[in-house]
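The values are calculated or read from the model by the stated rules, or taken from the named source; none is laboratory data. Computed from a predicted structure; not experimentally measured. Counting neighbours? That spans all protein chains shown, and the Cβs are built from the backbone with ideal geometry, glycine included.
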Amino acid sequence: MGKAPCVHFMTAYIEYLLDQGIRTENDYLGDASRFLRFLLARATPADVAEFVSTRSNEIEYQRRLTCRLRKFYKFAGERLDIVNNPLG
């Protein structure tokens, strides 16, 4: 399987695990989920700004991406108990 930049991360990970012959992906997904929560909880405003700036030089796209990330952090706060919100 080649690189597929538009495939969602967790979907690609599940497909990878199944291709590797893993019978149940629950433990793997749980560990990956905990790691992602760990990273979300520690991201700084500078981390988010760096990420946004590396995606595109187009200001309008950067604004949309920042808005989407703000919504993602709102979700993480409401549903995943992530108190850190580097986007305020």
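Of the candidates Thr11, Thr66, Thr54, Thr24, the single residue that is loosely packed, with under 13 Cβ neighbours inside 10 Å and under 23 Å from Leu87 (Cβ atoms) is Thr54. Only one of the listed residues (Gly77, Gly88) is at positive phi, of a type outside the set (S, T, N, Q) and either part of a helix (DSSP H, G or I) or outside the structural domain of Ala12 (by TED's automatic domain parsing) (or both). That residue is Gly88. Residue pairs whose Cβ atoms lie under 7 Å apart, separated by 6 or more positions or on different chains, with the first residue in the stretch 23-38 and part of a helix (DSSP H, G or I) and the second surrounded by 14 or more Cβ atoms within 10 Å (Cβ to Cβ) and hydroxyl-bearing (Ser, Thr, Tyr), are Ala32/Tyr13. Condition check: outside the structural domain of Gly88 (by TED's automatic domain parsing) and of a type in the set (A, V, I, L, M, F, W, C). Does Ile59 satisfy that? So Ile59 does not fit the description; no. Tallying residues that are part of a helix (DSSP H, G or I) and within 20 Å of Phe9 (Cβ to Cβ) within the stretch 39-60 yields 11.
Annotation: Arg55 fulfils all but one of (1) within 16 Å of the chain's Cα centre (by Cα); (2) among the basic types (Lys, Arg); (3) at pLDDT 95 or above; the unmet one is (3).
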